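In what follows, a structure is listed as structure tokens, so that the remarks can point back to it.
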Amino acid sequence: MHKKAKKLKVLFASSEVYPFAKSGGLADVAYALPKALSKKFEINVILPLYASIDIDKYHIKPVKLSFSIQMGGTTYDILLYKCRYKGIIYLFVQSELISEKEYFYGPPDQGYADNAVRFALFCRAIIKVLKEDSSYTILHCNDWQTALAPLLVKEDLSLHIKTVFTIHNLAYQGIFDRDTLDEIGLSPSYFHSEALEYYGAINLMKAGIVYADSITTVSSEYAKEIQTQVFGCGLEGLLVYHRTKLHGILNGIDTEFFDPQSDPLISHHYTPSDLDGKKSDKKAFLKYSGLKGAQKPLFVFIGRFTRQKGISLLIEILEQTASLEINIAILGEGEIRYRTQLEQIVSLNSHIHLFFGYDEETSHRLYAAGDFLLMPSFFEPCGLTQMIAMRYGTVPIVHNVGGLKQTVHSYKIFDPGAKHGFGITYSEQKPEVLLDALLKAVKLYKTPFLETLNLHNMRSDFSWTKSVEAYTALYHNLEQL
Ligand code: ADP
């Protein structure tokens with residue numbers, strides 16, 4: 001009889017994971033990718049235990065392992081917590097610095113001054129977990145908050161772990177004063193341009209890029225873009241230098257969670273063979289928001305109010321949409337200046353509704369109710385919002401960039417046999433071009449072709465299947481090294 005091959009064991013580290021802590025797509029990915037990979041690997045997920053995480057709801061319990069970490073002359077006490085959620089084991093790192101603050105990273109528009117220490121502690125706790133359990137083979141880190149861990153693995157000669165570092169968004173790099181190096185317990189020898197030094201400061205993202213055995217990013221388009229000056233956020237040279245270990249692996253969405261046929265957060269369910277529920281969702285949403293006119297196209301925007309998401313461009317055209325027979329619903333939170341501008345416009349325009357805040361249920365209701373999704377991002381590493389929209393039969397209007405370019409193709413070249421989705425795409429990030437895309441949508445809305453597009457998009461494959469194949473190959477290659 002054959003003995004069943006032992007599954008490779010992976011520790012997946014992320015600063016946010018749905019449903020425990022989410023501020024954006026990273027949380028969705030850190031939930032859905034390990035879940036998809038768990039069929040092939042034994043995978044545990046580790047994240048910080050923030051104050052907002054509901055430990056009773058998820059039955060999060062302390063683990064016997066408690067320890068202290070010496071870093072920069074200070075001793076920090078760490079407690080490890082654990083729970084099982086939907087078949088996956090989650091580990092939570094609790095320490096006063098991480099767990100007694102209101103926000104994950106800081107209040108809107110700011111990061112906490114001690115974020116370098118907070119996340120360095122998290123990384124050192126990850127190393128402790130790896131040392132306690134020698135059965136791990138791979139450590140998979142995500143974004144700057146976990147970027148120090150690959151460096152710490154390389155420093156510790158007793159660890160024989162291979163590391164993967166995924167860049168979800170190069171715009172956030174974890175840049176801190178030079179003095180921080182000492183506070184996070186690293187030798188001054190790291191202060192050079194091939195390690196952590198960055199224009200006189202230190203850059204934690206660089207630790208992931210330099211020391212991980214493999215780097216991935218969330219679309220092959222973004223993998224190319226970040227090696228250029230326009231999108232490289234100052235790290236293009238370093239990425240070009242490390243390009244042989246850089247791979248673009250497109251994100252997917254959890255198609256069980258984002259499913260208009262069964263989504264518990266929407267009022268009416270629907271499928272590609274019966275879209276009646278979508279019409280009812282739109283009516284229900286209009287009633288709820290006070291927007292008038294079910295016959296008018298409903299445009300939705302769901303995203304962080306930051307420059308990246310193109311909210312400033314959208315704000316520039318909002319007033320010009322008053323003469324069009326349309327409704328617009330905007331859901332998001334982020335920079336105060338955008339909120340103020342939006343509130344002012346909304347107070348004068350009854351066809352626009354603003355939900356300020358983070359609200360999972362409202363986002364699902366918007367995906368279901370919308371006819372078009374506005375996603376005018378200046379750059380977009382992958383983007384999940386456009387994929388979720390397509391899954392809910394909402395046509396995305398996107399700037400042709402990064403993951404948007406890879407996942408949304410122009411409706412003008414519609415091919416019913418294509419595996420990818422279609423929407424309205426534009427290439428120049430200018431208000432008049434975005435407005436023109438919106439006018440195209442208004443025209444499209446009046447044609448039966450809209451339904452053809454939606455049915456195709458709803459049936460397209462946005463699952464993690466291909467991504468899991470790519471990660472499986474990557475993990476196995478690393479194991480062989
Ligand atoms: P990013 O990670 O850059 O924020 P993505 O498109 O990759 O953007 O993922 C965004 C995720 O966060 C999607 O699941 C989207 O529905 C969700 N989201 C964004 N803003 C909000 C909000 N204000 N309320 C609820 N969900 C939101």
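Which pairs do you get when a residue that is under 16 Å from Ala294 (Cα atoms), found in region 355-376, comes within reach of a residue that is in a helix (DSSP H, G or I) and within 8 Å of the ligand (Cβ to nearest atom), reach meaning Cβ atoms under 9 angstrom, with the pair 6+ apart or on two chains?
Qualifying pairs under 9 Å: Tyr367/Thr385; Tyr367/Ile388.
Being crowded, with 18+ Cβ neighbours inside 10 Å and hydroxyl-bearing (Ser, Thr, Tyr) is the filter here, so list the residues in region 191-219 that pass it.
Of everything in region 191-219, those that are crowded, with 18+ Cβ neighbours inside 10 Å and hydroxyl-bearing (Ser, Thr, Tyr) turn out to be Tyr198, Tyr211, Ser214, Thr216, Thr217, Ser219.
Run Leu265 past the list (1) in contact (Cβ under 8 Å) with a residue 24 or more places away in the chain; (2) assigned by TED's automatic domain parsing to the domain that holds His399; (3) open to solvent by 20 Å² or more (accessible area, probe 1.4 Å); (4) over 30 Å from Glu469 (Cα atoms) and report the number of the one that doesn't hold.
Among (1) in contact (Cβ under 8 Å) with a residue 24 or more places away in the chain; (2) assigned by TED's automatic domain parsing to the domain that holds His399; (3) open to solvent by 20 Å² or more (accessible area, probe 1.4 Å); (4) over 30 Å from Glu469 (Cα atoms), the lone unmet condition for Leu265 is (2).
Would region 307-322 turn up any residue that is near the ligand (Cβ under 10 Å from one of its atoms) and buried (at least 21 other Cβ atoms within 10 Å of the Cβ)? So that I can check it myself, show each step before the final result.
Let us first name the residues in region 307-322 that are near the ligand (Cβ under 10 Å from one of its atoms), namely 308-309.
Pick out the ones that are also buried (at least 21 other Cβ atoms within 10 Å of the Cβ) and you get 309.
Scanning region 307-322, I find at least one residue that is near the ligand (Cβ under 10 Å from one of its atoms) and buried (at least 21 other Cβ atoms within 10 Å of the Cβ), so the answer is yes.
Conditions tested, residue by residue: (1) within 16 Å of the ligand (Cβ to nearest atom); (2) part of a helix (DSSP H, G or I).
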position: Gln227; (1), (2): no, no
position: Val230; (1), (2): no, no
position: Leu250; (1), (2): yes, no
position: Gly277; (1), (2): no, yes
position: Lys282; (1), (2): no, yes
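Mind checking which residues of region 422-440 are basic (Lys, Arg) and farther than 24 Å from Arg459 by Cα?
Result: Lys430, single match.
What's the total number of residues in region 13-45 that are under 21 Å from Gly403 (Cα atoms), of a type outside the set (A, V, I, L, M) and part of a helix (DSSP H, G or I)?
Adding up the residues that qualify gives 4.
So Ile127 passes all but one of these: (1) more than 25 Å from the chain's Cα centre (by Cα); (2) open to solvent by less than 50 Å² (accessible area, probe 1.4 Å); (3) of a type in the set (Val, Ile, Thr). Which condition number does it fail?
(1)
Evaluate region 7-16: report whether one residue or more is within 20 Å of Cys382 (Cβ to Cβ) and away from the ligand (no atom under 16 Å from the Cβ).
If we filter region 7-16 for residues that are within 20 Å of Cys382 (Cβ to Cβ), which is where we start, we get 12-16.
Now narrow it down to the ones that are away from the ligand (no atom under 16 Å from the Cβ): 12-13.
Within region 7-16, one or more residues are within 20 Å of Cys382 (Cβ to Cβ) and away from the ligand (no atom under 16 Å from the Cβ).
How about region 232-248: which of its residues are surrounded by 16 or more Cβ atoms within 10 Å (Cβ to Cβ) and either in contact with a His (Cβ under 6 Å, 6 or more places away or on another chain) or not in a loop (DSSP other than H, G, I, E, B) (or both)?
Glu236, Leu238, Leu239, Leu246, His247, Gly248
Residue-wise test of (1) assigned to a strand (DSSP E or B); (2) closer than 29 Å to Asp213 by Cα.
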| position | (1), (2) |
| --- | --- |
| Leu47 | yes, yes |
| Asp56 | no, no |
| His59 | no, no |
| Pro108 | no, no |
| Lys128 | no, yes |
| Lys131 | no, yes |
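Considering only residues that are in contact with a strand residue (DSSP E or B) (Cβ under 8 Å, 6 or more places away or on another chain) and open to solvent by less than 10 Å² (accessible area, probe 1.4 Å), look in region 30-42 and name the one that is nearest to Thr306 (Cα to Cα).
Step one: filter region 30-42 for residues in contact with a strand residue (DSSP E or B) (Cβ under 8 Å, 6 or more places away or on another chain), giving 30-31, 33-35, 37-38, 41-42.
Now narrow it down to the ones that are open to solvent by less than 10 Å² (accessible area, probe 1.4 Å): 30, 33-34, 37, 41.
On the way: Ala30: 22, Leu33: 26, Pro34: 28, Leu37: 31, Phe41: 36 Å.
If we take residues in region 30-42 being in contact with a strand residue (DSSP E or B) (Cβ under 8 Å, 6 or more places away or on another chain) and open to solvent by less than 10 Å² (accessible area, probe 1.4 Å), then Ala30 is nearest to Thr306 (Cα to Cα).
Might you check whether a residue that is within 18 Å of Asp133 (Cα to Cα) and surrounded by fewer than 21 Cβ atoms within 10 Å (Cβ to Cβ) occurs anywhere in region 8-29?
Yes, some residue in region 8-29 is within 18 Å of Asp133 (Cα to Cα) and surrounded by fewer than 21 Cβ atoms within 10 Å (Cβ to Cβ).
Could you name every one of the strands (runs of 3 or more DSSP E) located completely within region 377-481 that has at least 1 residues being buried (at least 21 other Cβ atoms within 10 Å of the Cβ), touching a residue at least 24 places away in the same chain (Cβ under 8 Å) and in the same structural domain as Thr217 (by TED's automatic domain parsing)?
none
Take the residues in region 162-181 that are more than 30 Å from Phe378 (Cα to Cα) and either crowded, with 21+ Cβ neighbours inside 10 Å or not assigned by TED's automatic domain parsing to the domain that holds Leu239 (or both); name whichever of them is nearest to the ligand (Cβ to nearest atom).
Thr163
Could you look through region 340-373, keep only residues that are of a type in the set (S, T, N, Q) and surrounded by fewer than 16 Cβ atoms within 10 Å (Cβ to Cβ), and pick out the one that is nearest to the ligand (Cβ to nearest atom)?
Thr340
Residue under question is Phe301, and the condition is that it be in contact with a strand residue (DSSP E or B) (Cβ under 6 Å, 6 or more places away or on another chain), within 16 Å of the ligand (Cβ to nearest atom) and not hydroxyl-bearing (Ser, Thr, Tyr); does it hold?
On the way: in contact with a strand residue (DSSP E or B) (Cβ under 6 Å, 6 or more places away or on another chain): yes; within 16 Å of the ligand (Cβ to nearest atom): yes; not hydroxyl-bearing (Ser, Thr, Tyr): yes.
So Phe301 passes the test.
Applying the selection to region 62-73, what residues are open to solvent by 60 Å² or more (accessible area, probe 1.4 Å) and out of contact with any strand residue (DSSP E or B) (no Cβ under 6 Å at 6 or more places or on another chain)?
If the condition is that a residue be open to solvent by 60 Å² or more (accessible area, probe 1.4 Å) and out of contact with any strand residue (DSSP E or B) (no Cβ under 6 Å at 6 or more places or on another chain), then Lys64, Gln70, Gly73 are the ones that fit.
(1) within 24 Å of Pro19 (Cα to Cα); (2) under 24 Å from the mean Cα position of the chain (by Cα); (3) surrounded by 18 or more Cβ atoms within 10 Å (Cβ to Cβ): which one isn't true of Ile78, the others all being true?
Result: Ile78 fails condition (2) only.
For region 323-339, which positions are more than 16 Å from the ligand (Cβ to nearest atom), crowded, with 17+ Cβ neighbours inside 10 Å and free of Cβ contacts under 8 Å to residues at least 60 places away in the same chain?
Within region 323-339, Asn327 is the sole residue that qualifies.
The values are calculated or read from the model by the stated rules, or taken from the named source; none is laboratory data. Fair warning: this is a prediction, and the values are worked out from it, not measured in the lab. Cβ atoms come from the backbone with ideal geometry, glycine included; neighbour counts cover every protein chain shown. Only protein heavy atoms, including side chains, enter the accessible area calculation; ligands, DNA and RNA are left aside. Shrake-Rupley method; radii C 1.70, N 1.55, O 1.52, S 1.80 Å.
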